[in-house]
Structures are given as C-alpha cells and as structure tokens.
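The numbers here are math on the coordinates, done by the rules we state, and not lab data. Remember, predicted model here, so these are calculated numbers, not experimental data. For neighbour counting, all protein chains shown are included, and Cβ atoms are generated from backbone atoms with ideal geometry for every residue, glycine included.
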C-alpha cells in the first residue's frame with residue numbers, strides 16, 4: 001500500500017515515518033507540509049492512502065480533498081476532535097487523535113488495506129458490460145435499464161446521480177465504487193465528479209483558451225480536468 005503523509009509538523013512527520021517503517025506492505029511515497037505542495041504531490045504519485053492533518057498552511061485538510069482530482073483513501077491524523085463528524089462526511093476511513101500509537105495506526109491501515117483488496121476483487125471479478133442490467137429506484141418510481149443506456153454518472157457527495165433518457169435518479173453508492181465496475185472501453189472518468197459514456201458524446205469543442213468542452217447528447221457540457229484532458233485525447237485518438 002502506497003502512502004503519503006500530509007503534516008506541517010516536522011516532528012509528527014518523523015514519528016509517522018518511524019511507525020510506518022515498522023508495518024509490512026506499506027511504502028511511504030511522499031511527504032508534504034502545505035495544501036499546495038500536497039495537492040501537487042498526490043496528483044503526481046497517486047497514492048493509495050493519505051495520512052492527513054487538518055490544520056495546514058494554506059488551508060485545511062478538507063480544502064485539500066476538494067482540490068484533488070482523484071481521491072485516495074483518507075485517514076485523518078489531528079489534535080482536534082471537533083472535526084470527527086465532518087471527516088466521515090468526506091468518506092474518511094478513520095480519525096486518529098494525536099499522539100498516535102502504533103496499534104491505533106495499524107488498525108486504521110488495516111481498514112484501508114481491506115477496502116483496497118475488496119476494490120481489487122470487484123475490479124477483477126465483477127466488472128459490468130454494456131448489457132448488464134441496473135435496478136434503480138427513487139421514491140415510488142423504479143427502473144430496470146441496461147448499463148449502455150446510461151449517459152453520465154455524477155458524484156453527489158457519497159451518492160451518485162445516474163443520467164439516462166430523461167431521468168436522473170440517485171444511486172446510494174460512491175462514484176469510485178461504480179467506476180471500479182465499469183467497462184473501461186465504454187466509460188471514461190472525465191473529471192473528479194463525472195464519468196461519461198463515450199457513445200453519448202455529441203460534440204467536442206476546443207475554445208481559444210485550449211480548455212476542452214464536451215457536449216453530451218442530453219445537452220450537458222462537461223469540462224475535462226487538467227489531468228484527464230490528455231488521457232481523454234488519447235482515448236479518442238485526437
């Protein structure tokens with residue numbers, strides 16, 4: 001498991017480094033001490049897990065998460081207990097109060113490892129295909145559709161809105177869980193919040209500022225993130 005430490009205290013970073021060195025199957029791939037440096041580091045190395053302080057130069061750990069294009073697993077490491085509820089609203093795995101003991105850190109990382117293993121199992125064993133059926137329900141209305149009918153998945157907190165035909169019900173699953181099961185040849189994560197069905201692209205525009213705009217058949221205009229723009233061009237061989 002590849003881990004990044006985001007912590008502004010040098011002593012706290014050293015303590016975490018020492019503890020991580022005692023754990024099997026853990027590789028420290030980077031450290032950062034500000035929101036800005038952490039954002040660049042995480043986008044570059046794409047870790048499996050962040051050990052994240054809350055009070056940082058340039059903002060908070062929550063500010064950092066909002067700036068990331070792809071969210072790794074998160075374990076908060078902080079001296080403040082008042083943010084515990086909010087941490088789980090951003091789907092954090094655990095919330096560790098300083099001083100952090102090795103047994104407590106080990107338990108948190110075991111959660112992360114278990115979730116990563118489960119995701120890998122889903123990816124390799126349960127990937128969907130275009131004719132896979134999806135059962136969707138919102139209020140009293142139900143739909144049974146095929147995956148290939150879905151134009152767009154949109155992240156809404158820990159839920160995902162599913163766009164098909166003229167409907168857009170909410171699915172009680174995070175978009176990362178859905179992405180792991182989608183066929184890569186047919187769907188593409190265009191930015192942090194949205195996954196598109198490539199078959200439903202209506203038009204692509206490249207304005208003078210060079211920022212691509214993707215128009216879907218339902219009229220939605222989407223903008224690829226900076227990181228995903230190059231991968232999107234390669235996918236379309238443009």
Select from 180, 40, 108 the residue whose mean-square fluctuation is largest in a Gaussian network model of the chain (Cα-Cα springs shorter than 10 Å).
40
Mean-square fluctuation check for the chain, GNM, Cα pairs under 10 Å: which of 140, 69, 186 is largest?
140
Per-residue ellipticity at 222 nm attributable to helices in the chain (runs of n ≥ 4 DSSP H, -39500 (n - 2.57) apiece, nearest 500 deg cm²/dmol) works out to -9500 deg cm²/dmol
Helix 10-20 sits off the longest principal axis of the Cα atoms of the chain, rounded to the nearest 10 on a 0 to 90 degree scale, by 80
Here Rg/Rh (Cα, Kirkwood) for the stretch 149-190 equals 0.94
Of all the Cα-Cα pairs you can form in the stretch 126-235, what percent are over 21 Å apart?
34
Cα shape, the stretch 10-100, gyration tensor, a/c 1.5 rule
rounded
For the chain, alpha-carbon Rg over 2.2 N^0.38 Å
1.11
Express in % the proportion of alpha carbon pairs of the stretch 30-167 at distances exceeding 28 Å.
34
Determine one quarter of the surface area of the Cα convex hull of the stretch 12-57, which equals its mean projected area, and express it in nm² to one decimal.
3.3
Take 39, 101 and order them by how many other Cβ atoms sit within 10 Å, fewest up front.
101, 39
Hey, what angle do you get for helix 35-45 against the long axis of the chain, alpha-carbon based, 0 to 90 degrees rounded to 10?
70
Pop a pseudo-label 7 angstrom from the Cα along the beta-carbon direction at both residue 55 and residue 138 and give the gap in nm to one decimal.
4.2
With Cα atoms, 0 to 90° folded angle of helix 102-125 axis to the chain main axis:
20
Counting other beta carbons within 10 Å of each Cβ, put 138, 18 in order, fewest first.
18, 138
